Every structure is written in structure tokens, then in C-alpha cells.
1. Suppose we filter LEU193, LEU226 for residues that are outside any loop (DSSP other than H, G, I, E, B) and more than 23 Å from LEU101 (Cβ to Cβ); which single one remains?
2. Please tell me if GLN233 is among the polar types (S, T, N, Q), in contact (Cβ under 8 Å) with a residue 24 or more places away in the chain and closer than 22 Å to THR103 by Cα.
3. Which residues, taken from the range 136-159, are free of Cβ contacts under 8 Å to residues at least 40 places away in the same chain and exposed (fewer than 15 other Cβ atoms within 10 Å of the Cβ)?
4. Taking the condition of being in contact (Cβ under 8 Å) with a residue 40 or more places away in the chain and buried (at least 19 other Cβ atoms within 10 Å of the Cβ), how many residues in the range 95-110 meet it?
5. Select, from GLY43, GLY15, GLY89, the only residue that is at positive phi and not aliphatic (A, V, I, L, M).
6. Just one of (1) modelled with pLDDT of 95 or more; (2) in a loop (DSSP other than H, G, I, E, B); (3) hydrophobic (A, V, I, L, M, F, W, C) trips up PHE56, so point out which.
7. Of the conditions (1) closer than 18 Å to GLN233 by Cα; (2) aliphatic (A, V, I, L, M); (3) in a helix (DSSP H, G or I), VAL112 fails just one. Which one is it?
8. Can you tell me which residue among SER63, SER42, SER67 is of a type outside the set (Asp, Glu) and surrounded by fewer than 16 Cβ atoms within 10 Å (Cβ to Cβ)?
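The values are calculated or read from the model by the stated rules, or taken from the named source; none is laboratory data. From a predicted model like this one, the values you see are computed outputs, not experimental measurements. Note: ideal-geometry Cβ built from the backbone for every residue, glycine included; neighbour counts use all protein chains shown.
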Amino acid sequence: MAGTVRYIELDAARGVAILMMILFHTLFDLSFFQLYPVNVASGFWRYFAFATASLFLLIAGISLSLSHARALHSIQTRAGIVIKYLKRGAFIFVLGLLVTLATYLYLHEGFVIFGILQVIGVSIMLSPLFFRFNEKNILIGAVLIVIGMVFSFASIDGPLWLVPVGIHPADFWSVDYEPVFPWSGLVLIGMGLGSYIYKNEKRAFTLPDNVMRFFIPLSFLGRHSLLIYLVHQPAILLIMQVLTGARVYW
């Protein structure tokens with residue numbers, strides 16, 4: 001299967017995640033700037049945020065498994081595979097650092113330190129260590145999630161430099177924080193699912209034509225998810241500024 005072939009259901013699922021993200025961040029901004037009394041820190045909307053991040057990371061993992069299968073056709077050496085994913089992951093990670101810088105300049109406190117782009121970037125860079133495990137990555141990913149839960153529920157505190165793995169000072173907070181434990185576990189679970197659902201780069205299921213047509217608008221969003229992610233928050237703030245006249249900056 002040619003490397004340019006895309007699976008419309010994956011793009012559509014990513015498009016759903018994009019819409020979920022835009023909805024949550026709109027509600028978050030309304031709450032953060034005290035424009036509307038909605039509780040996004042607990043209850044339904046908190047779990048909605050978890051579901052949104054989880055969907056993004058699962059899809060990233062499935063896409064990694066497909067990308068690796070295709071890379072094996074064109075890249076002959078393991079070193080070439082490693083370099084490919086180091087470069088790709090580093091690019092995403094640097095974009096995450098730019099988000100960190102932008103939120104620091106904008107918020108000053110609570111800014112993004114290790115957000116979703118950083119965890120995706122790190123997961124991509126580490127992915128060559130895990131491709132060989134195929135479906136077993138589902139179990140490995142579950143172990144990472146359990147470790148992250150232990151860190152969280154045991155309230156393990158530590159220095160700021162351990163923030164990427166899920167350990168941090170007691171007074172740490174961030175508007176977007178997805179450490180390696182547990183969130184990289186979802187990427188690994190996605191990799192395991194991808195190696196099963198798209199074994200030999202073929203779907204393990206069929207999609208009726210009417211379903212495929214329904215996916216088209218969502219898949220458009222999914223194909224441009226990175227760009228939308230980078231611009232959606234400034235766009236939301238601009239719209240709020242225009243519609244309400246409220247101060248949506250520090």
C-alpha cells in the first residue's frame with residue numbers, strides 16, 4: 001500500500017478529537033476569564049478533557065504503527081528508522097516548547113510545561129524501542145498507565161526536572177500537563193491496537209460507502225489537526241474579545 005494512502009476513519013477520529021478539544025478549551029477560557037460559570041476542573045468536563053487527550057494519543061499510536069509498517073518498505077536499516085522517528089518526534093517536541101513559551105508570555109503562571117505536544121514528541125522519539133512488540137504494546141502501555149496512577153494517587157513529590165515523568169513539586173500546576181507516565185501508555189496502547197487492526201497495512205474491518213461519506217468533513221479536520229491545534233486557542237480568545245469586549249489577557 002502506497003505511503004500516501006490515508007485511512008479516512010483515523011482522520012475522522014482525529015477530527016472528532018479536534019472538535020472535542022475546541023469545545024473544552026472554549027469552556028475553559030470562559031471559566032478562566034470568569035465570563036461564564038462552568039466548572040472544568042472536576043466532574044463531567046474534567047473527564048471530557050481526559051477523554052479528548054486520550055483519543056489524540058491513541059490515534060497517534062495507531063498512526064505510528066502504520067507509519068512504521070510503511071517505513072519498512074523504504075528504509076532498509078534500523079538506524080534509518082530510528083533517525084526518522086527521532087527527527088519527527090523532535091519536531092513535534094519543539095512545537096510543544098513554542099507552546100510553552102507562548103503560554104509563559106501570556107499567562108506567566110500555570111503555563112504549559114509538559115503538554116500534549118511534548119508527550120507526543122517524546123513518544124515518537126521512543127517508538128523505535130517498542131515497534132517490535134506489536135500487540136504486546138497494549139500490555140506495556142497499561143503498565144505505564146498504572147505507574148502514572150501510582151505517582152498521582154500516592155502524591156509523590158519531587159524536583160521540577162522530574163515533571164516530564166509525572167513527579168513534580170507539591171505546588172506545581174499547569175493549564176495543560178500530560179507527563180510520560182501515564183500518557184505515553186496510551187500511545188503504546190494505540191501502537192498495539194494499530195498492529196492488530198491494520199495488520200499488514202490492511203483494515204481488519206470494512207466500512208460501507210455511506211459511512212465513508214459521513215467521515216469526509218471530519219477527516220478534513222483530522223488531516224489538518226496540528227495546524228488547528230496551534231491556532232485554535234488564539235482564535236478562541238480573539239472571538240471572545242470581539243463578542244464580549246472582556247479582557248482575555250493578563
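1. Working: LEU226 fails: more than 23 Å from LEU101 (Cβ to Cβ).
Unique residue meeting the criteria: LEU193.
2. Working: among the polar types (S, T, N, Q): yes; in contact (Cβ under 8 Å) with a residue 24 or more places away in the chain: yes; closer than 22 Å to THR103 by Cα: yes.
When the stated conditions are applied, GLN233 passes them.
3. Taking the range 136-159 as the starting set, the residues that turn out to be free of Cβ contacts under 8 Å to residues at least 40 places away in the same chain are 146-159.
Scanning the range 136-159 gives VAL146, MET149, VAL150, SER152, PHE153, ALA154, SER155, ILE156, ASP157, PRO159.
4. 2
5. Numbers: GLY15 fails: at positive phi; GLY89 fails: at positive phi.
Sole residue among the options that is at positive phi and not aliphatic (A, V, I, L, M): GLY43.
6. Condition (2) is where PHE56 drops out.
7. Failed condition: (3).
8. Values: SER63 fails: surrounded by fewer than 16 Cβ atoms within 10 Å (Cβ to Cβ); SER67 fails: surrounded by fewer than 16 Cβ atoms within 10 Å (Cβ to Cβ).
None of the other options fit; the residue is SER42.
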